[in-house]
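Q: Take this structure, written in structure tokens, and hold onto it; I'll ask about it next.
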Amino acid sequence: MSNAAHGESLQHTVYSTPFKVEPEFEYRDTPSNYPDRHIGADKLPEKMKVWKVQDSERGNVVYRSYGFEDSPDAEAIAVGFNFGKEYGAVGIGRHGNILQWGYADPPSKMTEAGRKLFLNCICYIHQFDRLPPLVYRAASHRFNAIRLALLIDRITDESFFSSTFAPGLIDEYRGDPQGLADYYRENIEFIYRDSTFLVDSELKDLGLTSNRTPETLEKLIELLGSPQQSEVALRLLERYTGRSFVSAERWQQWFETNRERFFFSDIGGFKFFVRPEDYPVGQRNQSAIGQALFR
């Protein structure tokens, strides 16, 4: 990572409380690795707005952009300007009660804005004391299916293909990385991972539009009452919750009790989780990552 952070999405409270952070913006050439790893449809600009955090270029991104904010215990605070990962990789983030600061210089080598942000982050993380993360890494995010699809012409290791893509896809799309990426992009709401990245045809056949919304859970529970569709509905419920209840009534009770606290995490294993009632949710800075992925 370089000594700077991207200049978009500075609305998070850490940029104003308790100290007002006033970055000095500049424009730098877009790193050559950004277009190479960009999965969005639009072309990245030749120069990007950034602000200097510290003097040296020591440090590293704390997490890839894909999936960092797919659970309520994590939030991106700054996108790091980097020369090794994709645009959107997290330079400063929070996961549970852990502050992840990717810049390595001491405060004496930070800019004034960098020092104030560092102090603000320490103050901010205090409110999450003794609140461990809710989700731990169990799988790769679905966006990785697109990213890795674009690399199929560069990789010759057959074990990579067999551990990443469903059988038959490589033969179908060999020599056509963009075609494979488009296949996953068009089915982004149905991707899950079970040894490889798969597209859930069973869910599509039921006429549902996504595997990661509470509305899908509710509809699958409703289908438990259908003689024709109860078997597949139960299989999908168990796939996406990791739970097994003895009756449709028990599934419905579980759903109603937790209706407002469900969240879906690819990183957690492509499963629905229930946020504990008293677990605080931070200020999402989603546009920082979202703009990076889909600008």
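Q: Among the listed residues S9, S71, which satisfies the condition of being of a type in the set (G, A, S) and either under 26 Å from A149 (Cβ atoms) or assigned to a strand (DSSP E or B) (or both)?
A: None of the others qualify; the one that does is S71.
Q: Output the residue which, of all residues in the stretch 217-271 that are part of a strand (DSSP E or B) and in contact with a Pro (Cβ under 9 Å, 6 or more places away or on another chain), is farthest from Y66 (Cα to Cα).
A: F262
Q: If only one of S32, S56 is small (G, A, S), surrounded by fewer than 19 Cβ atoms within 10 Å (Cβ to Cβ), out of contact with any Asp or Glu (no Cβ under 6 Å at 6 or more places or on another chain) and farther than 19 Å from V90 by Cβ, which one is it?
A: Within the list S32, S56, the selection yields S32.
Q: Testing I92 on (1) farther than 24 Å from V21 by Cα; (2) part of a strand (DSSP E or B), one condition comes back false. Which one is that?
A: Condition not satisfied by I92: (1).
Q: For the stretch 130-166, give me each residue that is closer than 22 Å to I39 by Cα, touching a strand residue (DSSP E or B) at 6+ places or on another chain (Cβ under 6 Å) and in contact (Cβ under 8 Å) with a residue 40 or more places away in the chain.
A: Scanning the stretch 130-166 gives A139, R142, A145.
Q: Go through the stretch 170-207 and report how many residues are assigned to a strand (DSSP E or B) and hydrophobic (A, V, I, L, M, F, W, C).
A: Qualifying residue count for the region: 4.
Q: Can you tell me which residue among D194, D200, D171, D157 is modelled with pLDDT of 95 or more, among the charged types (D, E, K, R) and assigned by TED's automatic domain parsing to the domain that holds F270?
A: Working: D194 fails: modelled with pLDDT of 95 or more; D171 fails: modelled with pLDDT of 95 or more; D157 fails: modelled with pLDDT of 95 or more.
It is D200.
Q: While we're here: Just a yes or no: is a residue in the stretch 33-42 at pLDDT 95 or above and among the basic types (K, R)?
A: No, there is no match, as no residue in the stretch 33-42 is at pLDDT 95 or above and among the basic types (K, R).
Q: What number of residues within the stretch 189-208 are within 20 Å of the chain's Cα centre (by Cα), surrounded by 14 or more Cβ atoms within 10 Å (Cβ to Cβ) and in contact (Cβ under 8 Å) with a residue 24 or more places away in the chain?
A: Residues of the stretch 189-208 that are within 20 Å of the chain's Cα centre (by Cα), as a first pass: 189-200.
Those still in the list that are surrounded by 14 or more Cβ atoms within 10 Å (Cβ to Cβ) too: 189-193, 196-200.
Subsequent filtering for residues that are in contact (Cβ under 8 Å) with a residue 24 or more places away in the chain retains 191-193, 196-200.
Going through the stretch 189-208 one residue at a time, the tally reaches 8.
Q: Would you please list the contacts, defined by Cβ atoms under 8 Å and residues six or more apart or on different chains, that run from a residue in the stretch 246-275 that is farther than 16 Å from F190 by Cα and at pLDDT 95 or above to a residue that is part of a helix (DSSP H, G or I) and hydrophobic (A, V, I, L, M, F, W, C)?
A: That search, which allows pairs on different chains as well, returns A248/I221; W251/I221; W251/L237; Q252/I221; F255/L217; F255/I221; F262/L217.
Q: Before we move on, is G84 of a type in the set (G, A, S), more than 13 Å from the chain's Cα centre (by Cα), assigned by TED's automatic domain parsing to the domain that holds K109 and crowded, with 19+ Cβ neighbours inside 10 Å?
A: no
Q: I'd like to know if the stretch 190-211 contains one or more residues that are aromatic (F, W, Y) and over 27 Å from L223 (Cα atoms).
A: no
Q: For the list (1) touching a Lys or Arg at 6+ places or on another chain (Cβ under 7 Å); (2) surrounded by 22 or more Cβ atoms within 10 Å (Cβ to Cβ); (3) within 12 Å of Y34 (Cβ to Cβ), I need the number of the one condition that K47 fails.
A: Status for K47: all satisfied but (2).
Q: Looking at G96, G40, can you tell me which residue is under 26 Å from T213 (Cβ atoms), in contact with an Asp or Glu (Cβ under 7 Å, 6 or more places away or on another chain) and of a type outside the set (S, T, N, Q)?
A: G96
Q: Among the residues that make up the stretch 62-77, is at least one of them over 25 Å from I267 (Cβ atoms), surrounded by fewer than 21 Cβ atoms within 10 Å (Cβ to Cβ) and of a type outside the set (D, E)?
A: no
Q: A follow-up question, please. Could you tell me how many of the residues in the stretch 223-259 are more than 17 Å from S201 (Cβ to Cβ) and among the basic types (K, R)?
A: 3
Q: Here's something else I'd like to know. Any residue at all in the stretch 53-66 that is of a type in the set (F, W, Y) and either in contact with a Cys (Cβ under 9 Å, 6 or more places away or on another chain) or at pLDDT below 90 (or both)? Step through it out loud before you land on a result.
A: Filtering the stretch 53-66 for residues of a type in the set (F, W, Y) gives 63, 66.
This time we only want the ones that are either in contact with a Cys (Cβ under 9 Å, 6 or more places away or on another chain) or at pLDDT below 90 (or both), so: 66.
Yes.
The values are calculated or read from the model by the stated rules, or taken from the named source; none is laboratory data. Quick caveat, the model's predicted, so the values are computed rather than measured. Neighbour counts run over all protein chains shown; Cβ positions are idealised from the backbone, glycine included.
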